[in-house]
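I'd like to ask some things about the structure below.
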């Protein structure tokens, strides 16, 4: 395959709002922009929450194929050289099965700290999940971990898989952020001081703890609001907690929206997750130069923030520590040098630095005969 483009097919369940989905779009658009051949295929027909990058839309509808039947998927597999299971665990299983049937090498993309994720499950779920993941690993040709922490976590469960693991950080389309900021109208609530949080409304994201912390912060900074962008199954529970904490009218949850304009105007970006993989939202906040308060959860925040050099890291599940860090950040005055240092750190996760590593990985995997 020397000299030829490697044709890769990324499988996803859907492309609804979420950081991992956006990362997949970023990687595929980066490969296409550099002259490569990459496509995304959705296993479930669904709405598309993300704006598709223009360099993907130009290629046509086949780049993101929504299907109710599997004929387009089968044709896409025949045309590709490498399959990538883009999200755990359903697409991993489907990718492995299809890879075996069509004799295509498979790359598994791991976005979460598996040990922490499994620790929150009952023994039966852990047993099944570990067994399925073990099978997936054995039949894969490479495993892409989004951070050093994710790689170490995987290696702690499956030491024999270390030879297949490659660490490729999530790339962020920094130019796309600039384009979006220049084309969006300002919503009224953006003119008020606020703290911003972004992510799916799930237990993992720790928004229940963030609300508790904000209740403390609001006593000292009553003029500030908390804005949480995202959707998920915890919405009703979070709205109920807002009322119980007496925060009605001070917490806004407008649903899934592009975060970049709100992020550029926020006083602080708050990430309260209980566990992560490599949180893209922190990289985006760094690029926009805003203050960051994050839990020091496994895995990713400490790596992105250089151990706390570019943002505050506090113990996960500590409401008081998180509140104190927010108060300190709101009270501190930023310098232009500090903002520039954050932006320079974000550049470490740019397309130019990450996408070539993806292209090399896909080329290496495609050369393995099955």
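The values are calculated or read from the model by the stated rules, or taken from the named source; none is laboratory data. Predicted model only: the values in this text are computed from it and were never measured. Neighbour counts are summed over all protein chains in view; Cβ atoms, including those assigned to glycine, are modelled from backbone coordinates with ideal geometry.
Return yes or no: is residue 82 at pLDDT 80 or above, more than 25 Å from residue 282 (Cβ to Cβ) and either touching a strand residue (DSSP E or B) at 6+ places or on another chain (Cβ under 8 Å) or surrounded by fewer than 21 Cβ atoms within 10 Å (Cβ to Cβ) (or both)?
So residue 82 passes the test.
In contact with a strand residue (DSSP E or B) (Cβ under 6 Å, 6 or more places away or on another chain) and within 24 Å of residue 240 (Cα to Cα): which single residue out of 214, 221 fits that description?
One residue alone meets the criteria, 214.
Filter the helices (runs of 4 or more DSSP H) completely within the range 101-219 down to those with at least 1 residues that are surrounded by 15 or more Cβ atoms within 10 Å (Cβ to Cβ) and touching a residue at least 60 places away in the same chain (Cβ under 8 Å).
114-119, 148-157, 174-183
Residue by residue through the range 249-266, note down the ones that are under 16 Å from residue 218 (Cα atoms), touching a helix residue (DSSP H, G or I) at 6+ places or on another chain (Cβ under 7 Å) and part of a loop (DSSP other than H, G, I, E, B).
Scanning the range 249-266 gives a single hit, 250.
Something else: Take the conditions in contact with a helix residue (DSSP H, G or I) (Cβ under 7 Å, 6 or more places away or on another chain), closer than 19 Å to residue 227 by Cβ and either not in a helix (DSSP H, G or I) or not assigned by TED's automatic domain parsing to the domain that holds residue 223 (or both) and apply them to residue 269. Does it pass?
yes
Restricting to the range 310-337, name every residue that is exposed (fewer than 15 other Cβ atoms within 10 Å of the Cβ) and farther than 30 Å from residue 108 by Cβ.
315, 320, 328, 331, 332, 333, 334, 335, 336, 337
Are any of the residues in the range 340-360 assigned by TED's automatic domain parsing to the domain that holds residue 233 and under 19 Å from residue 194 (Cα atoms)?
No, every residue in the range 340-360 fails to be assigned by TED's automatic domain parsing to the domain that holds residue 233 and under 19 Å from residue 194 (Cα atoms).
Right, another one. Taking into account only those residues within the range 339-352 that are at pLDDT 95 or above and surrounded by fewer than 14 Cβ atoms within 10 Å (Cβ to Cβ), which is nearest to residue 226 (Cα to Cα)?
340
Tell me whether the range 222-237 contains one or more residues that are over 15 Å from residue 192 (Cα atoms) and in contact (Cβ under 8 Å) with a residue 60 or more places away in the chain.
Yes, that holds for at least one residue.
Further, regarding this structure: So, residue 246, is that one outside the structural domain of residue 19 (by TED's automatic domain parsing), farther than 27 Å from residue 344 by Cβ and out of contact with any helix residue (DSSP H, G or I) (no Cβ under 8 Å at 6 or more places or on another chain) or not?
Taking the combined requirement at face value, the residue does not satisfy it.
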